[in-house]
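Below is one structure, written out as structure tokens, with a few remarks after it.
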Amino acid sequence: MERKSFGGPRNFGPREMTKTVCSDCGKECEVPFKPTEGRPVYCRDCLPKHRKPRF
């Protein structure tokens with residue numbers, strides 16, 4: 001019987017990047033998802049300012 005490992009490294013292949021504009025600073029950036037209309041998208045620099053702190 002073959003066991004599957006959970007939590008191990010996953011290889012889903014290359015991520016499809018989508019070009020968009022940061023809702024905070026306005027510069028062009030790429031995100032690994034299709035942005036949803038009406039929801040803000042932040043670049044790598046602005047995202048930490050808008051993320052809730054983890055405890």
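For the range 13-55, applying the loop criterion from DSSP together with a ceiling of 12 other beta carbons within 10 Å to the GluC sites (Glu not before Pro) yields 16, 37.
Remark: the range 15-23, residue by residue, has Karplus-estimated 3J(HN,Hα) of 7, 7, 9, 10, 7, 8, 10, 4, 6 Hz, where x stands for each Gly or Pro and the curve is 6.51 cos²θ - 1.76 cosθ + 1.60 at θ = phi - 60°. In this rough spin-label picture, where each label sits 7 Å from Cα along the Cβ direction, the residue 15-residue 39 distance is 1.4 nm.
Just so you know, all these numbers are worked out from the coordinates, no wet-lab data involved. The structure presented is a predicted model; accordingly, all values stated were derived computationally and were not measured. All Cβ positions, even for glycine, are placed from backbone atoms using ideal geometry, and neighbour counts span all protein chains on display.
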